[in-house]
1. Kindly indicate the residue of segment 353-375 that is free of Cβ contacts under 8 Å to residues at least 60 places away in the same chain and under 23 Å from residue 234 (Cβ atoms) and also surrounded by the most Cβ atoms within 10 Å (Cβ to Cβ) among those meeting that condition.
2. On the given criteria, is residue 185 within 16 Å of residue 159 (Cα to Cα) and either assigned by TED's automatic domain parsing to the domain that holds residue 139 or crowded, with 20+ Cβ neighbours inside 10 Å (or both)?
3. Name the residue, out of 165, 205, that is surrounded by 23 or more Cβ atoms within 10 Å (Cβ to Cβ), in contact with a helix residue (DSSP H, G or I) (Cβ under 8 Å, 6 or more places away or on another chain), at pLDDT 95 or above and closer than 20 Å to residue 273 by Cβ.
4. If we keep just the residues of segment 352-370 that are touching a strand residue (DSSP E or B) at 6+ places or on another chain (Cβ under 9 Å) and in a helix (DSSP H, G or I), which is nearest to residue 227 (Cα to Cα)?
5. Scan (1) free of Cβ contacts under 8 Å to residues at least 40 places away in the same chain; (2) in contact with a helix residue (DSSP H, G or I) (Cβ under 6 Å, 6 or more places away or on another chain) for the single condition residue 36 breaks and write down its number.
6. For segment 177-196, indicate whether the set of residues that are within 17 Å of the chain's Cα centre (by Cα), within 30 Å of residue 259 (Cα to Cα) and not in a helix (DSSP H, G or I) is non-empty.
7. Mind checking which residues of segment 243-287 are more than 24 Å from residue 394 (Cα to Cα) and part of a strand (DSSP E or B)?
């Protein structure tokens, strides 16, 4: 398990400076709002142990130069639990963030809601959710850091509800805390590592790297620009294909540059988003995240050349919506033979996932730039393409369906696949003539 630093020690770990916000005042009845016998004594002992008057410390500070509102939980104060006064402080912190246009960084270590305040404690989760939504609507980023432990309502609101979720290795993370989960439950399921593995958190970050990584994420998510992302230079073949089948052959060539090469050439530094927040990842089919291109932030969603799985489409939709809300332009790279069409993909909701990405792209107000860098296979590729601002590399194609499948649907023999490719008019120059794409990327 990672060390459980006190709230103020953790703030020193991640900030250049920190100024605490004045806590709101609240008159408390003896032993709290439901008269829980001994509650006042428990709070007094917690204050003596920790030096804190509540389970959160809220204020403003700079992380690698970027100013933010930080919310640090003190687990030593009644297990970092949420009560009415905790809710007061959280609401005041989010309100301050919106008033001053600052991102919010919850540094979470909590066991959940405070039993000594009963249902009034549980309803603080609704207050927190409301503040998070208002902050999201204001176009401000929220980056959560999961410390040990992050369980219960703190995980289900401040943690899992953040735009980006970073986790300390070895931290206990899960909705069910250790004392309430089933006795035969696999303890590995309630870890930061598992939450990253299933796409509920974005990255494991060791404490010694946290300030730098958090600082970079804050810079990326607070530097939006209205200008579209420039079209990347083509990295592969320069000449145009002579035939439709020649376009297919070149796009399928193993040596052709893929997404990682394009992203590496385009960005000086980047941070990946992982997972669709619904239990899935597509590490072999989709890359999503934010990076720095010539000094400004650009979001990216890039297919890698494999068949894209439902989790990949959902992750891309998550990326597009987040970038749109923060006013950050998006670059998408199309490269897939098509959507995964196996039985598991259907069970995972392939159609709904593709529809959701189509909707996210269609609704986006931030500019989206698309480059087809390889195979553009049917609707599984088109879902990632920007209407009116899609370009193609010379060694790519875009087709209503793969030529082999088109021939099969038309009941043509295999000997007519190449001719079918020509008929489909899938070469980059054909796509320009048809008005499907704006142009062909240069080198």
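1. Checking each candidate, the answer is 370.
2. It is false that residue 185 is within 16 Å of residue 159 (Cα to Cα) and either assigned by TED's automatic domain parsing to the domain that holds residue 139 or crowded, with 20+ Cβ neighbours inside 10 Å (or both).
3. On inspection, the qualifying residue turns out to be 165.
4. Result: 361.
5. (1)
6. No, segment 177-196 contains no residue that is within 17 Å of the chain's Cα centre (by Cα), within 30 Å of residue 259 (Cα to Cα) and not in a helix (DSSP H, G or I).
7. 269, 270, 271, 272, 273
Listed here are the residues, each with its yes/no results for (1) assigned by TED's automatic domain parsing to the domain that holds residue 252; (2) without any contact (Cβ under 8 Å) to a residue 12 or more places away in the chain; (3) surrounded by fewer than 21 Cβ atoms within 10 Å (Cβ to Cβ); (4) touching a strand residue (DSSP E or B) at 6+ places or on another chain (Cβ under 7 Å).
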position: 272; (1), (2), (3), (4): yes, no, yes, yes
position: 275; (1), (2), (3), (4): yes, no, no, no
position: 278; (1), (2), (3), (4): yes, no, yes, no
position: 281; (1), (2), (3), (4): yes, no, yes, no
position: 296; (1), (2), (3), (4): yes, no, yes, no
position: 316; (1), (2), (3), (4): yes, no, no, yes
position: 323; (1), (2), (3), (4): yes, no, no, yes
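The values are calculated or read from the model by the stated rules, or taken from the named source; none is laboratory data. Fair warning: this is a prediction, and the values are worked out from it, not measured in the lab. Ideal geometry is used to build each Cβ from the backbone, glycine not excepted, and the neighbour counts take in all protein chains shown.
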